[in-house]
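Structure, as structure tokens:
The values are calculated or read from the model by the stated rules, or taken from the named source; none is laboratory data. All of these numbers come straight from a predicted model, not from anything done at the bench. Every residue, glycine among them, receives a Cβ derived from its backbone with ideal geometry; neighbour counts consider all protein chains shown.
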Amino acid sequence: MVIIENTTEFHLEYKSAVALGKFDGIHLGHRRLLDRVLEQKKRGLQTVVFTFDTSAASFFGGETKELSTREEKRDMFSRLGIDVLIEFPLNRETAATDPADFVTRYLAAQMQTAYLCAGADISFGRRGAGDYALLADYAGNCGYRVELIDKVCVDGEEVSSTRVRQAVRAGEMEKVSFMLGSPYRVSGKVVHGRQLGRKLGMPTANLLPDERKLLPPNGVYYSRAELGEKSYRGISNVGYKPTVSEDKILGVETYLYDFEGEVYDRDMTVELLAFRREERAFGSVEALRRQIEADVEAGRNFS
């Protein structure tokens, strides 16, 4: 997959089928857009995702936490088979672009767009005034076909990044999985911790995600972890982890079932499957040990 970033000056060589959106979380609604674009390969079009390098909410001082980090989005688009990813820079200049100019220059001419799909809530250009109606108005003159992709509903509720974010913040990980079409993933590097789990006979892997990644409430979760090409069942604690520098950082600590070996400095992805219990303080190390043993046993029986 070709990645175009940090520039507005690009030109694609081949005619393109383009999915336009923010793609935070890459939920079922986003998957529908991507599926429609991927179907255009049989028409001989290259598949393109056009998104922004930062969210409008973050740029204008609102929501800063992300359901999907840039690296996670790149990985997902690549695995789905997207040919070109354009991470369009959102800055003062591009945010002030006339919506019509945005369509004719960036969305049509520079990508050689032959097919374009978007959701009803798409917005772009100055004051976010560019919308699906504008895309449709310019389709004929710009030479592309345009398609409005309907919202996806789960249990009578429209799937959106906002609703997924609400479910993550509530710790409703099964609901999150339904809306994403897959479990909520947290990726990062395994770092050294206090090695308390090892001292208790249950060594754990401490993962520090990107600070922009949205995490569910602190507590214990049933999980699954990916290390390299292998997957392991796990039980995870989300909470503030004192590192070797004693700075407290929000992270994910995971006990891996049936794993032997070293994990330090390796990349790991943890899928948070379901909430088990809230974090709480224990009066003694022995009380903590008993609770961890109970959590580990419960995780073995989770399905």
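Brief remarks follow.
- Within the stretch 102-154, tally of residues that are crowded, with 18+ Cβ neighbours inside 10 Å, farther than 20 Å from THR8 by Cα and of a type in the set (S, T, N, Q): 0
- Only one of LEU90, LEU80, LEU134 that is farther than 22 Å from THR7 by Cβ and without any contact (Cβ under 8 Å) to a residue 40 or more places away in the chain: LEU134
- Hits in the stretch 255-297 (condition: β-branched (Val, Ile, Thr) and more than 20 Å from SER177 (Cβ to Cβ)): VAL263, VAL285, ILE292, VAL296
- One residue from SER231, SER236, SER223 being small (Gly, Ala, Ser) and free of Cβ contacts under 8 Å to residues at least 12 places away in the same chain: SER231
- Residue in the stretch 252-288 that is nearest to GLY219 (Cα to Cα), counting only those that are of a type in the set (D, E, K, R) and surrounded by 16 or more Cβ atoms within 10 Å (Cβ to Cβ): ARG276
- Hey, ARG145 at pLDDT 90 or above, in the same structural domain as VAL103 (by TED's automatic domain parsing) and not small (Gly, Ala, Ser) or not: yes
- With respect to the conditions (1) within 16 Å of LEU116 (Cα to Cα); (2) out of contact with any Gly (no Cβ under 9 Å at 6 or more places or on another chain); (3) in a loop (DSSP other than H, G, I, E, B); (4) modelled with pLDDT of 95 or more, ALA17 falls short on a single one, namely (3).
- Output for the stretch 10-49, where each listed residue is touching a residue at least 40 places away in the same chain (Cβ under 8 Å) and polar (S, T, N, Q): SER16, GLN40
- Residue count for the stretch 211-223, restricted to those that are closer than 16 Å to GLU174 by Cα, surrounded by fewer than 20 Cβ atoms within 10 Å (Cβ to Cβ) and within 18 Å of the chain's Cα centre (by Cα): 2.
- The stretch 43-162 holds helices (runs of 4 or more DSSP H) entirely within its bounds, and those carrying 1 or more residues that are in contact with a Leu (Cβ under 9 Å, 6 or more places away or on another chain) map to 56-59, 70-80, 132-142.
- Residue, surrounded by the most Cβ atoms within 10 Å (Cβ to Cβ), within the stretch 1-45, restricted to residues that are of a type in the set (Asp, Glu) and closer than 21 Å to GLU71 by Cβ: ASP24
- Restricting HIS30, HIS11 to residues that are at pLDDT 95 or above and out of contact with any Lys or Arg (no Cβ under 9 Å at 6 or more places or on another chain) narrows the list to HIS11.
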